[in-house]
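Visitor: The structure follows.
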Amino acid sequence: MKLNIENKILIPFVFLFFLSLSILMATSFRNDYKLIIDNQFRYMDSRMIELEGRLNYGIFGLGKEEKTADEILEELRISNVMKIIILKDSEVILNTTQLPINTKTLTWKEEYNEVRHLNEENFLITYKYYKPFSWTLVIIEDKEQLLSFFYESYKYTILTGIIFITLSMQLTILIAANITKPIHKLVRFCAVVSSGNYGERIALKRQDEIGQLGLAFNHMLDELDRSMHELLEMKNYNQDILNNLEKGIITYSFDEGLRSSNPCAQTLIDGLDGYHFNEKNVEELIEQMISETKRTSMSQYELYRLVDSNGRDKIIDCSTSIMWGEDESVRGYICSFNDVTERKKLESRIQRLSRLATAGRLASGMAHEIRNPLAGMRTSIQVLNKRLKNELTGSNELLFERLISEIDRIDKLISQLLDYSKRKPHLPQEVDVEKVIDHILSLLNDAFEERGIEVVNKINTNHRLVYADPGHIHQILLNIIKNAMEAVDSNNGHILIENIYNHGTVKSFELRIIDNGIGIPQNAIEQVFDPFYTSKNEGTGLGLSVVHELVEQNQGDIDINSIFNEGTTVTLRFKEKETDNV
């Protein structure tokens, strides 16, 4: 049960008063009780002296014969002048009290010569050893009868104390009520304030400390109201910042328990569902970084490339920091993370374009420098071949033919370099992607059948027109499909061609070419568009570089996702023009 303030004042006061009065009465009772017992023992001592005098008088009376012990006992029994018990060898030989007594408690030695006292539960006993007859003289008094008057007088004392306590309680209640009345007013006022009504003020017309407390309350509320407005504005401002940050923010307590996260954090986590790095999802990676920050007391920074089951990747920029308190103690930890996939792709594309531009300029210069002397060499060899035709026989003639063939092969490579370095004319128009793919598949059909490769064409005929250069589209798709054909195993190869229509602000056509070939190592994907990079023994490394250049000219986009030894997905995106079914 919860005590109110009156009871908290009243109960201790009454308890202390009652305790003091009880101690006083108990002390007085104990002292009076002891005084009565001591007086009774002194009275019994005087009676013992009197009894001992009578016995001495009976034995050594003046002018009379000595009396025997039996004669003296008989006189004492007849006279019955006092309540006595006489023992001999622990046996009762005279008992004028008719009271039971335990003789075993009356121990005496002959050399003792003083009176001894016993305070039993119901009796007071005084006894002494009487040497002439070897008796133990015992005087006994009934304690209950002795103390009855004493107890009766104390009843009135206790009654007086109870009356005094009752009056004191009433007075204490009046004093407590007078003290606590303004305190109750303060409590009710605090309840109103705690409910959120900070505009209330308390009025206490008192000049004492409680009145000063009321003034202090009012001043405190003025300051609190002002601080609350400032704090609320700052909180709303900070919350708006967190809610509108295009970056995930998660805070953790000192024991690494999750405390809060902004909306962007949850959106990013939901969007990364199914993506993993070393079999860990983004939440597990963040918790791992927070644990490392706590262990080392240092901020952490990581750039993770997470991949899903289809080989698609997401790049996450993640950093942690320590949240310090004003007393320089660690209050918690902060993790900020963001999906930088598009930014990294843009950076990679810019770097790639820079490399391609540099390589293009280099290739153009080298091609022109090599092509001119190469043409002269071919002409000279042809002239020599004609002049010496009659003299050349056997292997010498064959060497001349091979030399001209190799020069032609070099000239073809230089032509590819020139094709790569020069921008071809860009003449965009509506292109039916389905017809282009059907044409390419018909050209490669014999090769597919010879190698036992299954090709599945799932082009959606409702959305198949793109706005691009027809020649460029044909060259792009031919290169990519041929790469897919060369990557898959014979008799076990599978190529899927499908498209998706993206309903966005700018409608786009997305084409995917998926194969189950050898795939590309993760660390090599960024290099596949670099000039002269190839994993083929007889490749020039210019095919995908040309594809990338043509895609850029047609304002498209190309992405490659691959899982090594599982397959590759090439995604092409072009602007689309809607049209009716053809």
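The values are calculated or read from the model by the stated rules, or taken from the named source; none is laboratory data. Just so it is clear, the model here is predicted, and its values are computed rather than measured. Note: ideal-geometry Cβ built from the backbone for every residue, glycine included; neighbour counts use all protein chains shown.
Visitor: Is it fair to say Leu213 is of a type in the set (A, V, I, L, M, F, W, C) and either part of a helix (DSSP H, G or I) or not assigned by TED's automatic domain parsing to the domain that holds Val115 (or both)?
Guide: Here the answer is yes, as Leu213 does meet what is asked.
Visitor: Just to be sure I understand the filter: pairs with C-beta atoms under 8 Å, separated by 6 or more residues or on different chains, first member in segment 464-486 and touching a residue at least 12 places away in the same chain (Cβ under 8 Å), second member basic (Lys, Arg) and part of a strand (DSSP E or B). Which pairs pass?
Guide: Close Cβ pairs (under 8 Å, with a partner that is basic (Lys, Arg) and part of a strand (DSSP E or B)) amount to Val466/Lys575; Tyr467/Lys575; Ala468/Lys575.
Visitor: Specify the residue that is surrounded by the most Cβ atoms within 10 Å (Cβ to Cβ); the eligible residues are those in segment 141-174 that are assigned to a helix (DSSP H, G or I) and among the acidic types (Asp, Glu).
Guide: Of the residues in segment 141-174, the ones assigned to a helix (DSSP H, G or I) are 143-174.
Subset that is among the acidic types (Asp, Glu): 144, 152.
Numbers: Glu144: 11, Glu152: 9.
That would be Glu144.
Visitor: A follow-up question, please. Of everything in segment 300-325, what is hydroxyl-bearing (Ser, Thr, Tyr) and farther than 18 Å from Gly257 by Cα? Give them in sequence order.
Guide: Pass one, segment 300-325, residues hydroxyl-bearing (Ser, Thr, Tyr): 301, 304, 309, 319-321.
Of everything in segment 300-325, those that are hydroxyl-bearing (Ser, Thr, Tyr) and farther than 18 Å from Gly257 by Cα turn out to be Tyr301, Tyr304, Ser309.
Visitor: Is segment 196-205 home to any residue that is surrounded by 10 or more Cβ atoms within 10 Å (Cβ to Cβ), part of a helix (DSSP H, G or I) and not assigned by TED's automatic domain parsing to the domain that holds Ser291?
Guide: No, segment 196-205 contains no residue that is surrounded by 10 or more Cβ atoms within 10 Å (Cβ to Cβ), part of a helix (DSSP H, G or I) and not assigned by TED's automatic domain parsing to the domain that holds Ser291.
Visitor: Restricting the search to segment 301-318, which residues are within 15 Å of Gly248 (Cβ to Cβ) and in contact with a helix residue (DSSP H, G or I) (Cβ under 8 Å, 6 or more places away or on another chain)?
Guide: Glu302, Tyr304, Leu306, Lys314, Ile315, Ile316, Cys318
Visitor: Right, something else. Would you mind stating whether Ile139 is free of Cβ contacts under 8 Å to residues at least 24 places away in the same chain and more than 60 Å from the chain's Cα centre (by Cα)?
Guide: Working: free of Cβ contacts under 8 Å to residues at least 24 places away in the same chain: no; more than 60 Å from the chain's Cα centre (by Cα): yes.
Answer is no for this residue.
Visitor: Separate question: So which of Ile23, Ile101 ends up being at pLDDT 75 or above, among the β-branched types (Val, Ile, Thr) and within 30 Å of Phe150 (Cβ to Cβ)? Please lay out each step first, then the result.
Guide: Values: Ile101 fails: at pLDDT 75 or above.
Step by step, each of Ile23, Ile101 is checked, and only Ile23 is at pLDDT 75 or above, among the β-branched types (Val, Ile, Thr) and within 30 Å of Phe150 (Cβ to Cβ).
Visitor: Can you pull out every residue in segment 298-340 that is in contact with a His (Cβ under 9 Å, 6 or more places away or on another chain) and either of a type in the set (D, E, K, R) or not assigned by TED's automatic domain parsing to the domain that holds Pro263 (or both)?
Guide: Asp308
Visitor: Right, something else. Tell me, which residue of segment 281-294 that is surrounded by 15 or more Cβ atoms within 10 Å (Cβ to Cβ) and charged (D, E, K, R) is farthest from Cys318 (Cα to Cα)?
Guide: Applying the filter and picking the extreme gives Lys294.
Visitor: Let me ask something else about it. For Glu430, only one of the following conditions fails: (1) over 18 Å from Ile513 (Cα atoms); (2) part of a helix (DSSP H, G or I); (3) at pLDDT 85 or above. What is its number?
Guide: (2)
Visitor: Could you check segment 431-477 and list, in sequence order, the residues that are farther than 18 Å from Glu498 by Cα, loosely packed, with under 15 Cβ neighbours inside 10 Å and under 58 Å from the mean Cα position of the chain (by Cα)?
Guide: Passing the criteria: only Gly452.
Visitor: Working only within segment 20-46, note down all residues that are polar (S, T, N, Q) and either over 60 Å from the mean Cα position of the chain (by Cα) or not in a helix (DSSP H, G or I) (or both).
Guide: The answer is Thr27, Ser28, Asn31, Asn39, Gln40, Ser46.
Visitor: Within segment 295-335, restricting attention to residues that are in a strand (DSSP E or B) and small (Gly, Ala, Ser), which residue is surrounded by the most Cβ atoms within 10 Å (Cβ to Cβ)?
Guide: This residue is Gly332.
Results for (1) part of a loop (DSSP other than H, G, I, E, B); (2) in contact with a strand residue (DSSP E or B) (Cβ under 6 Å, 6 or more places away or on another chain), shown as yes or no for each residue.
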site: Tyr237; (1), (2): no, no
site: Asp240; (1), (2): no, no
site: Glu246; (1), (2): yes, no
site: Tyr252; (1), (2): no, yes
site: Asp270; (1), (2): no, no
site: Gly274; (1), (2): yes, no
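Visitor: Further question: List the residue pairs whose Cβ atoms are under 6 Å apart, where the first residue sits in segment 432-457 and is in contact (Cβ under 8 Å) with a residue 24 or more places away in the chain, the second is among the polar types (S, T, N, Q) and exposed (fewer than 15 other Cβ atoms within 10 Å of the Cβ), and the two are 6 or more positions apart or on different chains.
Guide: Pairs found: Arg451/Ser490; Gly452/Ser490; Gly452/Asn491.
Visitor: Just wondering, is there one or more residues in segment 270-291 that are in contact with a Gly (Cβ under 6 Å, 6 or more places away or on another chain) and within 28 Å of Ser562 (Cβ to Cβ)?
Guide: No, the conditions are met nowhere in segment 270-291.
Visitor: Do we find that Ile497 is under 52 Å from the mean Cα position of the chain (by Cα), outside any helix (DSSP H, G or I), modelled with pLDDT of 90 or more and closer than 25 Å to Gly519 by Cα in this structure?
Guide: When the stated conditions are applied, Ile497 passes them.
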